[in-house]
Amino acid sequence: MSQTAPKTTFMSLALAEARLAAGRGEVPVGAILVDGDTGAVLARAGNEVEGRADPSAHAEMLVIRDAAARAGAPRLPHADLYVTLEPCPMCATAISFARLRRVYFGAYDPKGGGVEHGPRVFQQPTCHHAPEIYGGVQETDAAALLRDFFIARRGAAGD
């Protein structure tokens, strides 16, 4: 993708990863990590918490781990993250430690978010690095995907 690709293009890729995650029975959250200078996709993932039996296998964690391993570096200061849901506190802390440049997220998460809600990790005096944050990117699509997933699960549980 070119560096002029609109943020909705990358969020659409993240939404595709979220749909794949839902197909695997995972909470439908997807993430894309992009080189902010070139527009190259560095990593992509959907949640794999259930499949890996790993509570830390959130989409954001997976793309950060993958891109850092490929780069051979723990910090990715030129990387931009596109994720379909506001990052939780664990993921927000990893984003800070990885020194990501920007975070674009879709749906807000008043219950479990760690960026605009909850502990607001990047606003704490103990936070070493705060990326630029852009919330609400394709929010309607991201929220609908999550809502439909949980409605379907509740329906299946009642069968």
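Every condition in (1) β-branched (V, I, T); (2) surrounded by 16 or more Cβ atoms within 10 Å (Cβ to Cβ); (3) in a loop (DSSP other than H, G, I, E, B) holds for T126 except the one numbered (2). Among the residues of segment 148-159, which ones are surrounded by 12 or more Cβ atoms within 10 Å (Cβ to Cβ) and not hydrophobic (A, V, I, L, M, F, W, C)? Result: D148, R153.
Checked against the criterion of being free of Cβ contacts under 8 Å to residues at least 60 places away in the same chain and touching a helix residue (DSSP H, G or I) at 6+ places or on another chain (Cβ under 8 Å), the candidates P77, P28, P55 yield just one match: P55. I'd like to know if segment 63-70 contains one or more residues that are closer than 14 Å to A98 by Cβ, touching a residue at least 24 places away in the same chain (Cβ under 8 Å), in contact with a helix residue (DSSP H, G or I) (Cβ under 7 Å, 6 or more places away or on another chain) and of a type outside the set (D, E). Yes, segment 63-70 has at least one match. Quick one: is H78 farther than 27 Å from G23 by Cβ and in contact with a Phe, Trp or Tyr (Cβ under 9 Å, 6 or more places away or on another chain)? Taking the combined requirement at face value, the residue does not satisfy it.
Every number in this text was worked out from the coordinates using simple rules, so none of it is lab data. The shown structure was predicted, so the numbers you read here are calculated from the model rather than taken from an experiment. Positions of Cβ are backbone-derived with ideal geometry, glycine not excepted, and every protein chain shown enters the neighbour counts.
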